[in-house]
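Beneath this line is the structure, given in structure tokens, with notes to follow.
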Amino acid sequence: MAALGTGVTAPALLGGVAHAERLNPPRLSDGIVKIGVLTDLNGPYRDFAGPGSVLATRMAVEDFGGTMFGKPIEVVYADHQNKPDIGSAIAREWFSVGQVDVVVDMPNSGVALAVQQIAREAGRVSINSSASTTELTGKSCSPTGLHWTSDAYAQAHGTARALMQRGDDTWFFLTVDYTGGYTLEDSAHPVILGLGGKVLGSVRHPLNTADFSSYLLQAQASGAKVVALANGGNDTINAIKQAAEFGLMSNGQQLVGLFVNITDIHSLGLKITQDIIFTTAFYWNLDDQTRAFARRFQVRQKAMPTQYQAGIYSAVTHYLKAIDACGTDEALPVVTQMKAMPVEDFFARHGHLREDGRMVHDMFLVQVKKPEASTSEWDLYEVLATIPAGEAFRPLPEGNCALIKKGM
């Protein structure tokens, strides 16, 4: 099993959160609120989640005040190594022995699905930020499971619709060979086909692939106007880098990413990534609120926050506010309270949690800037459009979540 890290949070940075009056004395199981960050600390998803997700969690706790009802709020973390069996073993130990109340983050859809079920069985809360599968709020939905930042539907639909509307109507997919990749590709197909486009082909590659040459040759040979990357992290970085070496974009094909993060673009540079289009839940330079959080984060992380790291901060803050409001850390009352409260912060304006656990909020269609248009190291995106919350995420009835059928 992966080694666990632990850290008790520091005092509040922003004065904490006002406490509500209670008729009954509040109660905490085990006398503590403990948050477990289950993430990828050393693998392909390290940069967009990983240590930055741990930091975002700690910042949320610090800003809340560091305690709940006079008791400490503790953060622990572990590396799931992108293996569902390892992630499951860590989660079981956390819940049965480690007194963990909520597990957060979980890049890798296979890990996320497994851990959400374990949390359900244990009567604990699971808040996913970094996995893309829509099954978390679909057939595998849970009364104690929440999906916060984005998902494959939001990422694929926004990007595919924009490209189709400008006439890029033939597509080829490079898809990572596991649940998250399949969901990204499958979510784009209905938009492409529904608007009269064609999918000319698809190839699947292993997680953490170093050499994309054979896959890119197939994409070039297809003649597709759009080559879509249904992967993330190091896979996206390697694919974009090698696509540039192959001259894919200079020869007229449009490269799009369905799971792109600002750390990917920063790593590769604007010369290689310019004009790539994708959908994101967050950009640090949107307004004064996003910039204020991002700059505090950057001081400690030496990088701007990704959408998933910003989402973690938002989710943990909302979770803590719910405990404070209902006077207990018991899973079902806390999740009920979270769904009753609007999500209003730098990450989500007028956001809310649906019955299926999906946090619904605006998304943004962005294009990577040309080098000459950028004014600073992290000035990387041009925001093309805001995708309203009601359009960004899968309609509630289409998910087939059993909680909705039963009226829960």
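The values are calculated or read from the model by the stated rules, or taken from the named source; none is laboratory data. This one's a predicted model, so the numbers in the text were calculated from it and none came from an experiment. Neighbour counts are summed over all protein chains in view; Cβ atoms, including those assigned to glycine, are modelled from backbone coordinates with ideal geometry. Accessible surface areas use protein heavy atoms only, side chains included; no ligands, DNA or RNA. Shrake-Rupley method; radii C 1.70, N 1.55, O 1.52, S 1.80 Å.
Per-structure values
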item: Ratio of Rg to Rh over the range 318-362 (Cα coordinates, Kirkwood Rh, two decimals); result: 0.97
item: As computed over the range 230-285, the Cα convex hull volume per residue (Å³); result: 80 Å³
item: Heavy atoms of Asp324 accessible to a 1.4 Å probe, total area in Å² rounded to 10; result: 10 Å²
item: Any cysteine of the chain lacking a neighbouring Cys Cβ under 4.7 Å - listed by number; result: Cys326
item: Candidate lysines for bridging to Lys198, where Cα separation is under 23 Å - those fewer than 8 sequence places away on the same chain excluded; result: Lys225
item: Leading residue at positive end of dipole, the chain (Cβ point charges), from Phe172, Ile323, Phe364; result: Ile323
item: Exposure rank, largest accessible area first [Tyr182, Tyr308, Tyr215; 1.4 Å]; result: Tyr182, Tyr215, Tyr308
item: Calculated over the range 163-303: convex hull of Cα atoms, volume per residue (Å³); result: 123 Å³
item: Kirkwood-type radius of the range 83-215, with distances r between different C-alpha atoms, in Å; result: 16.1 Å
item: Choice from Trp284, Trp94, Trp378 with maximal GNM fluctuation in the chain (Cα, 10 Å cutoff); result: Trp378
item: All-pairs alpha carbon distance profile, the range 272-408, 5 Å steps from 0, percent; result: 2, 9, 16, 18, 17, 15, 10, 6, 4, 2, 0, 0
item: Long-range Cα-Cα pairs in the range 278-333 (distance over 15 Å), rounded percent; result: 56 percent
item: Listed residues Asp101, Asp85, Asp235, most fluctuating in the chain (Gaussian network, C-alpha, under 10 Å); result: Asp85
item: Binned Cα-Cα distances of the chain, short to long, each 20 Å bin given as a whole percent; result: 29, 58, 13, 0
item: Whole-number Å³ per residue for the convex hull built on Cα positions in the range 345-408; result: 109 Å³
item: Amide H contacts of Ala303 (H built 1.01 Å from N, under 5 Å, at least 5 apart or other chain); result: none
item: Which listed pairs, of Lys83/Lys339; Lys71/Lys321; Lys34/Lys339; Lys271/Lys302; Lys139/Lys321, have C-alpha distances above 24 Å, in listed order; result: Lys83/Lys339; Lys139/Lys321
item: Gaussian network model of the chain, Cα within-10 Å springs - most flexible of Leu380, Leu248, Leu41; result: Leu248
item: Equivalent ellipsoid semi-axes - Cα gyration tensor, the range 18-121, angstrom; result: 27, 17, 10
item: Computed magnitude of the charge dipole of the chain (debye, nearest 20; Cβ of K, R +1, Cβ of D, E -1); result: 260 debye
item: Interatomic Cα distance distribution for the range 144-233, bins of 5 angstrom, percent; result: 3, 14, 25, 23, 19, 10, 4, 2, 1, 0
item: Accessible surface of Ser142 - all protein chains present, 1.4 Å probe, nearest 10 Å²; result: 0 Å²
item: Probe 1.4 Å - accessible area at Arg295, Å² to nearest ten; result: 120 Å²
